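What follows is a single structure, written as structure tokens, with notes after it.
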Amino acid sequence: MTPPQRRRQPAAEESDDDEQNHTNIDEDGDETMGGGERNLTSELIKKMVRYALACEYSRTPIRRDGIKEKVLGPQGREFKRVFNGAQKQLRATFGMEMVELPNRDRNLMTAEQKRKAAKSQTQREVTSNTYILVSLLPGELRDPAIIPPSKVMSEDGEAAYMALYTTIISIIAFSGGELSEPRLRRHLSRLNASDTMPSQNPNDPNAPSEKTEDVLQRMIKQGYLVKAIGAVGLGDNDEDMTTWHIGPRGRAEVTNEVIAEFVRQVYGQSDPDLESKLQKSLKVRVRAEAENAEEPPEEEPANGDPGPSSRRRSRRREPAEEEEDEEEDE
């Protein structure tokens, strides 16, 4: 009976090796697959990072359905593992991460959109399952001199587009989150952008600009703005009933902190009065240097004269000094 036992020992050792291969622990303490399955997961993570970067380049939302279709394929159950792995790679290599976009405001939906949302709503909280990439770099490294605008069509065109949607989103935010059509047109007129705006390549002599309506439609399509028609009854004219709001991408990308920094750059400085207005309007933190700012000390004249304010204080002290002298005499 000894030979059969000898034959079973290698099988037992192979079984132990298989168990170890299927219960490897990664650096974060999570169990990972072994062998070929681990290699497959690594390839899916790389593929998802490339997909996320490609979507962000074209400002296309990263949808969960798109990830399953174009990245995971038959490995749909690996979504959580691949998503977390891609997040680690994006943070470590690119200084970015995927954040989920907020759901669209139900008050801005049409009746048909509300019915569809009600049918798809479940007992648990509904999420958008849509993501975008945001930068994790500190503010001092987000200087255009360090990180210039990306060259989608041209660097100048991208910079102009970012400035335009940041300006419009800031105006809407300071208007209470809603801006009527006539007011938007007045602001665009002041910016000399009522009819045309810089194109995606302003250096192109054949098309240095494009229609304002086309640029606004692009902002709507990419999620920076939401145009609501008939949301509120402001008048009989359709134009008066149209309101503009901040879209999901706009809220995620151009946050209140970004708007506050944009205003500081426009004003060129930060002072307590400006910080107080920003804190009241946007509920942002007051800058430390503005909070600790002190009034400059009064300059003393070179001739040794204490100055008018000091003379006034000395005059106010004179009666008290006279009273003290009278008490000493008594």
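Bear in mind that the values in this text are calculations on the coordinates, not laboratory data. Only a predicted model underlies this, so the values are computations on that prediction, with no experimental measurement involved. Note that each Cβ is placed from the backbone with ideal geometry, even for glycine, and that neighbours are counted across all protein chains shown.
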Only residues of the range 155-175 count here: report those whose backbone N is under 19 Å from the spot 7 Å along Cα→Cβ of residue 256, or say none.
-> 166-175
Computed FRET efficiency, Cβ-Cβ of residue 279 and residue 213, R0 45 Å: what is it to the nearest 0.05?
-> 0.80
Label points 7 Å out from Cα along the Cβ direction at residue 175 and residue 46: separation in nm?
-> 4.9
Would you mind getting me the FRET efficiency between residue 155 and residue 286? Use the beta-carbon distance for r and R0 = 22 Å, nearest 0.05.
-> 0.05
Cα-Cα over 27 Å: which of 68/221; 80/151; 68/88; 211/283?
-> 80/151; 211/283
Going by average Cβ neighbours within 10 Å, how do the peptides 202-214, 52-64 rank, with the highest at the top?
-> 52-64, 202-214
Length gained if residue 186 through residue 77 is fully extended, taking 0.36 nm per residue and subtracting the Cα-Cα distance, is 34.1 nm
